[in-house]
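Student: Take a look at this one; I'll ask things after.
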Amino acid sequence: MKVKVRSGDSIWYYSQLFMVPINLIADSNPGVNPVSLQIGQEINIPGFTRQNYTVRPGDTFWKLSSSRNLSVDALLLVNQSLNPNSLVPGTAINLPRRVITPIVSGRRNYDYKALTADITMLSDIYPFIKVNTIGKSVLGKPIQEIRLGKGNKKVQINASFHANEWITTPILMALLNSFLLSITNVRPIRGVSTMPLYNSVDLSIVPMVNPDGVDLVLNGPPPELREEVIAINRGSTDFTGWKANIRGVDLNNQYPAKWDFEKERTEQNAPAPRDYLGEAPLTEPEAIAMAELAKDNQFDRMLAFHTQGAEFYWGFEGLEPPESQVLALEFERVSGYKAVQYIDSFAGYKDWFIQDFRRPGFTIELGRGVNPLPLSQYDDIYEEVLGIFLASLYM
């Protein structure tokens, strides 16, 4: 919500007026000098939207503000052209509305369009988050990164490397939404105060690594590639088993971490719905974007959300640091998921991250069953992985 500065206003005063942490207001206005506001300058107030309201007989600013747990001056601030002493029934006014419920609705087929709409809405309500494009998919869709937090500990979390594991994207977006609600409303999650996490962590979220593949699974093939992808899918128009990107390359088999060994033993030597490694490591734009993101940022830890199995993998060739086991034990405790150090699979993003950076990396297998997991599991998965999300920040 934007407000216009009046004489005597300050960032501190807005924090008191709307009961929003002052650092979030400052972070929502990076181009503003907080100690020298200019009259008429627009300031973002995070965690609020404007609600259109038509004045009714008997309404006063006092009645309207007290019913919404706000001060009268909060209403005066967003209705500066009105005379508060003579509200005329039928007049349209603005009411500040605190956002206390989630924006993300994840219990649905969550394609790239749904993701983009949610990112736009979250950016409007929580302008202290930054949205970056880290690369583009084969079909030119921007691969988006959401960034927030002011700390030195860099945590990266991603989802939907695999197309038919798309449920990981709304789960991750819902976790982010809960975190945003918590810090703006100063409300703990599972007893954990989240503002210290915001202040200590630099959080990077890539909610959909493989947007072309997700759209293929949920919406069918794009007209320009219909014949090609149906041929790769062995003539079938049922894409529920598709894990790869739109070119039939498995993005989580694209990394130079024993890639040659994995390539040698795979039975899949041509583009396919799953398990094809490509002709060389890092040939696909989506995989390249994630590699460049890690190289540029030097993250302290990384979590990749996949499905399914209710377990997670945390080792690679003995290269994982001791910190990985400490984190794994905590993840296991808070989620009930089984911690597995080694698995007979290579060339994944987690493998490469551990190998190249010698820092904790995790592949988190959400839920149980057969991919794509049904939305009936959504609530259970969210509750299971919420503890892992929090622990990745506070540990």
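Student: Can you give the translational diffusion coefficient of the chain in µm²/s, computed by Stokes-Einstein from the Kirkwood radius over Cα pairs at 37 °C and 0.692 mPa s?
Tutor: 144 µm²/s
Student: Now for a different question. For region 121-196, count the residues as N, evaluate 2.2 N^0.38 Å, and divide the Cα radius of gyration by that value, please.
Tutor: 1.23
Student: With everything on Cα atoms, drop me the angle between helix 285-297 and the longest principal axis of the chain, reported from 0 to 90° to the nearest 10.
Tutor: 60 degrees
Student: Further, regarding this structure: Given a cut-off of under 8 Å on Cα pairs at least six residues apart, what relative contact order in percent is computed for region 2-98?
Tutor: It comes to 32 percent, rounded to a whole number.
Student: Could you tell me the relative contact order of the chain? Use alpha-carbon pairs under 8 Å, at least six residues apart, and round to a whole percent.
Tutor: Relative CO of the chain lands at 15 percent.
Student: What's the extension gain from residue 92 to residue 375 if we count 0.36 nm per residue and subtract their Cα-Cα distance?
Tutor: That pair, residue 92 and residue 375, stretches by 97.8 nm at full extension.
Student: Using +1 at the C-beta of Lys and Arg and -1 at the C-beta of Asp and Glu, which of 206, 253, 193 has the Cα lying farthest in the positive direction of the dipole of the chain?
Tutor: Of the listed residues, the answer is 193.
Student: Helix 378-394 versus the longest principal axis of the chain: what angle, 0 to 90°, nearest 10, using Cα atoms?
Tutor: 80 degrees
Student: Once the whole set of protein chains is in place, how much accessible area is left on residue 192, using a 1.4 Å probe, in Å² to the nearest 10?
Tutor: Rounded to the nearest 10, that gives 30 Å².
Student: Among 14, 39, 79, whose Cα lies farthest out toward the positive end of the dipole of region 2-98, if unit charges sit on the beta carbon of Lys, Arg (+1) and Asp, Glu (-1)?
Tutor: Result: 79, furthest along the dipole toward the positive end.
Student: Continuing with the same structure: Please compute the volume of the convex hull spanned by the alpha-carbon atoms of region 208-330 and report it per residue in Å³.
Tutor: Cα convex hull per residue, to the nearest whole number: 134 Å³.
Student: A further question follows. Put a dot 7 Å past each Cα toward the Cβ at residue 136 and residue 340; how far apart are the dots in nm?
Tutor: The modelled label-to-label distance comes out at 3.8 nm.
Student: Moving on to the next point. Taking a virtual spin label 7 Å from the Cα of residue 81 along the C-beta vector, which residues in region 30-67 bring their backbone nitrogen under 17 Å of it?
Tutor: 40-42, 50-55
Student: Using a 10 Å Cβ count of at most 16 others and DSSP loop calls, identify the longest part of the chain lacking such GluC sites (Glu not before Pro).
Tutor: It runs 1-266.
Student: Multiply the residue separation of residue 193 and residue 300 by 0.36 nm, subtract the distance between their alpha-carbon atoms, and state the gained length in nm to one decimal.
Tutor: 36.4 nm
Student: Counting only residues 5 or more places away or on other chains, whose amide H sits under 5 Å from the amide H of residue 41 once H atoms are built in the peptide plane?
Tutor: Correct list: 5.
Student: Given a 1.4 angstrom probe, what's the average accessible area per residue across the chain, in square angstrom?
Tutor: 41 Å²
Student: Ratio of alpha-carbon Rg to the 2.2 N^0.38 Å globular estimate for region 84-166, to two decimals, please.
Tutor: 1.57
Student: Consider all pairwise Cα distances in region 2-98 and report the whole-number % of them above 16 Å.
Tutor: Tail of P(r) above 16 Å: 54 percent of Cα pairs.
Student: Given the peptides 199-208, 51-60, 170-179, 295-304, arrange them by the average over their residues of other C-beta atoms within 10 Å, most packed first.
Tutor: Peptide ranking by packing, descending: 170-179, 199-208, 295-304, 51-60.
Student: While we're here: Lysines near residue 113 by alpha-carbon distance under 22 Å, same-chain residues fewer than 8 away left out - which ones?
Tutor: Straight-line reach from residue 113, under 22 Å: 130, 136, 141, 243.
Student: Could you compute how fast region 307-374 diffuses translationally, taking Rh as the Kirkwood radius over C-alpha pairs and applying Stokes-Einstein at 10 °C with viscosity 1.306 mPa s? Give it in µm² per second.
Tutor: Approximately 130 µm²/s, per Stokes-Einstein.
Student: Starting from the Cα of residue 2, draw a straight line to each of the aspartates and glutamates and keep only those under 19 Å, dropping any in the same chain fewer than 8 residues away.
Tutor: 27, 42, 73, 124
Student: Still on this model: With a 10 Å radius around each residue's Cβ, average the other Cβ atoms per peptide and rank 136-143, 244-251, highest first.
Tutor: 244-251, 136-143
Student: Oh, and also: Report, largest value first, the span of the C-alpha coordinates of region 264-381 along each principal axis, in whole Å.
Tutor: Principal extents (Cα only, largest first): 40, 34, 26 Å.
Student: In Å, what Kirkwood hydrodynamic radius results for region 171-277 from the alpha-carbon pair distances?
Tutor: Taking every pair of different Cα atoms in region 171-277, averaging 1/r and inverting gives 16.7 Å.
Student: Tell me, what HN-Hα J-couplings in whole Hz come from the Karplus equation 6.51 cos²θ - 1.76 cosθ + 1.60 at θ = phi - 60° for each residue of region 146-157, using x for Gly and Pro?
Tutor: Rounded to whole hertz, the list is 9, 10, 7, x, 10, x, 9, 7, 9, 10, 10, 10.
Student: Here is a follow-up. Taking square-rooted eigenvalues a ≥ b ≥ c of the alpha carbon gyration tensor, is region 267-309 rounded, prolate or oblate, where a/c under 1.5 means rounded and, failing that, a/b exceeding b/c means prolate?
Tutor: oblate
Student: Ok, one more. Report the calculated FRET efficiency for residue 101 and residue 54 (r = Cβ-Cβ distance, R0 = 22 Å), to the nearest 0.05.
Tutor: FRET efficiency, residue 101 to residue 54: 0.40.
The values are calculated or read from the model by the stated rules, or taken from the named source; none is laboratory data. All values derive from a computational prediction rather than experimental measurement. Cβ: placed from backbone, ideal geometry, glycine included. Neighbour counts: every protein chain shown. Note: areas computed on protein heavy atoms with side chains; ligands, DNA, RNA excluded. Shrake-Rupley method; radii C 1.70, N 1.55, O 1.52, S 1.80 Å.
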